[in-house]
Amino acid sequence: MAESTLKLGTEAPKENRLGLKALDYGGGKSTLCAGCGHDAVSNQIIRAFYEMNVTPEKVAKFSGIGCSSKTPAYFLGRAHGFNAVHGRMPAVATGAILANHTLLGIGVSGDGDTASIGLGQFMHMVRRNIPLIYIIENNGVYGLTKGQFSATADEGSKLKTGVLNDLPPMDLCALAVQLGCGYVARGFAGDPKQMVNILKGAVAHDGLSVIDVISPCVTFNNHEGSTKGYTYSKENDELLHQIGFVQSYEQIEVDYEPGTVREVQMHDGSRIILKKLEEDYDPGDTVQALQRLHRATEQGHMLTGLVYLRPEKKSFMTLLNVVNKPLGTLTEAETRPPREALDKIMRELM
Ligand SMILES: Cc1ncc(C[n+]2csc(CCOP(=O)(O)OP(=O)(O)O)c2C)c(N)n1
Ligand code: SF4
Ligand SMILES: [Mg+2]
């Protein structure tokens, strides 16, 4: 494994509870353009998984095709990985996680990979609530094929060549909320603190989490007239709340004024702390989530934070009552119905 060039920060403790260092969560050397938002997101994934004490060998990484889809090679080099076909990652990830849901699945896609060619696959994965962390590194363009507009590009935004986009954008967070996803968030590659906490919450969530992260393409979509570049995103970032995350083993009591903080308990006992900013936003309210997303688009704002959270929603594995073992390890006796069950079926058919 080549040594990672990603910066890992210095403030975190050297070893986590598994005795692993942040570098143990790194991957190969990135070949992306210097300053690409996708490298920042890889860095944030490394930090979140390290601080969450995830065993790298228990992770399965999935991706499609694009600069974004190359990034699983740059983090968690000790994990399993499958680089699928353009837009087809959801089907591959669904199959793999169904076969072995003892693995923690993480998929990295792009706005082209998800919202253009892969939209049908994405929507069915959301409906099924496959337990997977699904990240869209959204830069509004097809970076790998030299910067054409994708389906998430804002109306009126301009390509470097001067071409204007006259089609409305597709909001992947709104789509995920609409289809009933239990964990929907929007982050910004330039806000690592928020992103790491969003990712930690997703690790703790049992079900699909959709994380749309605005991740600027410095080569093709970071100029004046772009609405997905660093400057525009920083100036128009509308924070829903500040996100904190407390792991299940931490005895931290949060000290706050009544009514200023919302605390949500996750199924593993960890807690997500949402510090309200200017208004009372309820992430469990579907209509409010859709309204806020729509309003932000109309105002040219980038709404970030935990847009929608329903941790109680049953994942596909729970609905299917799948055994808690990788299917490939089941013995013949465990897969074949007992003699009495077969006899009973035969009697019913007579
Ligand atoms: C079936 C198929 N069609 C088209 C392509 C060409 N292609 C490769 S990557 C890509 C778009 C990538 O855009 P996005 O998913 O936004 O990733 P980014 O590079 O911006 O991170 C396209 C159209 C392909 N590889 N396969
Ligand atoms: S072309 Fe854009 S998306 Fe691709 S690596 Fe370069 S900056 Fe990143
Ligand atoms: Mg893109």
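The values are calculated or read from the model by the stated rules, or taken from the named source; none is laboratory data. Note that the coordinates shown come from a computational prediction; the quantities given were computed from them, not determined experimentally. Cβ sites come from the backbone with ideal geometry, for glycine too, and all protein chains shown count toward neighbours. Only protein heavy atoms, including side chains, enter the accessible area calculation; ligands, DNA and RNA are left aside. Shrake-Rupley method; radii C 1.70, N 1.55, O 1.52, S 1.80 Å.
Quick notes on this one:
- The single residue among V218, V246 that is farther than 28 Å from S315 by Cβ, within 22 Å of the chain's Cα centre (by Cα) and among the aliphatic types (A, V, I, L, M) turns out to be V218.
- Some residue of the range 20-28 being closer than 19 Å to L208 by Cα and at pLDDT 95 or above: no
- Pairing each residue of the range 21-42 that is under 21 Å from N139 (Cβ atoms) with any residue that is surrounded by fewer than 21 Cβ atoms within 10 Å (Cβ to Cβ) and of a type in the set (V, I, T), provided the two are 6+ apart or on different chains, yields C-beta distances under 7 Å for S30/T5; C33/V218; C33/T219; G35/V218; C36/V218.
- All positions within the range 152-181 that are within 20 Å of the chain's Cα centre (by Cα) and within 16 Å of ligand 2 (Cβ to nearest atom): T152, A153
- When I243 is tested against (1) aliphatic (A, V, I, L, M); (2) at pLDDT below 95; (3) surrounded by 15 or more Cβ atoms within 10 Å (Cβ to Cβ), exactly one condition is not met: (2).
- The range 61-99: number of residues that are charged (D, E, K, R) and either within 16 Å of ligand 3 (Cβ to nearest atom) or more than 18 Å from E137 (Cβ to Cβ) (or both): 2
- Close pairs from the range 313-340: first within 27 Å of H124 (Cβ to Cβ) and without any contact (Cβ under 8 Å) to a residue 60 or more places away in the chain, partner small (G, A, S) and in a helix (DSSP H, G or I), Cβ under 9 Å, at least 6 apart: none
- The criterion of at least 3 residues that are over 20 Å from S248 (Cβ atoms) and open to solvent by less than 70 Å² (accessible area, probe 1.4 Å) is met by the following strands (runs of 3 or more DSSP E) wholly inside the range 261-328: 302-309.
- Number of residues in the range 51-109 that are within 13 Å of ligand 1 (Cβ to nearest atom), among the polar types (S, T, N, Q) and in contact with a Pro (Cβ under 9 Å, 6 or more places away or on another chain) equals 3.
- Which numbered condition V141 misses (of (1) touching a residue at least 60 places away in the same chain (Cβ under 8 Å); (2) more than 8 Å from ligand 1 (Cβ to nearest atom)): (2)
- Sole residue being among the hydroxyl-bearing types (S, T, Y) and either under 29 Å from V141 (Cα atoms) or in contact (Cβ under 8 Å) with a residue 60 or more places away in the chain (or both), chosen from T102, T55: T102
- Any hit, the range 199-222, residues being under 30 Å from A34 (Cβ atoms), open to solvent by 30 Å² or more (accessible area, probe 1.4 Å), aromatic (F, W, Y) and not in a loop (DSSP other than H, G, I, E, B): no
- Among residues of the range 177-202 that are farther than 17 Å from E263 by Cα, those with a beta-carbon under 7 Å from a residue that is at pLDDT 95 or above and among the acidic types (D, E) at least six positions away or on a different chain give the pairs R186/D212; F188/D237.
- Yes/no for T152 being part of a loop (DSSP other than H, G, I, E, B) and either within 13 Å of ligand 3 (Cβ to nearest atom) or in contact with a Lys or Arg (Cβ under 6 Å, 6 or more places away or on another chain) (or both): yes
- Subset of the range 217-259 [within 25 Å of V203 (Cα to Cα), touching a residue at least 12 places away in the same chain (Cβ under 8 Å) and polar (S, T, N, Q)]: Q242, Q247, S248
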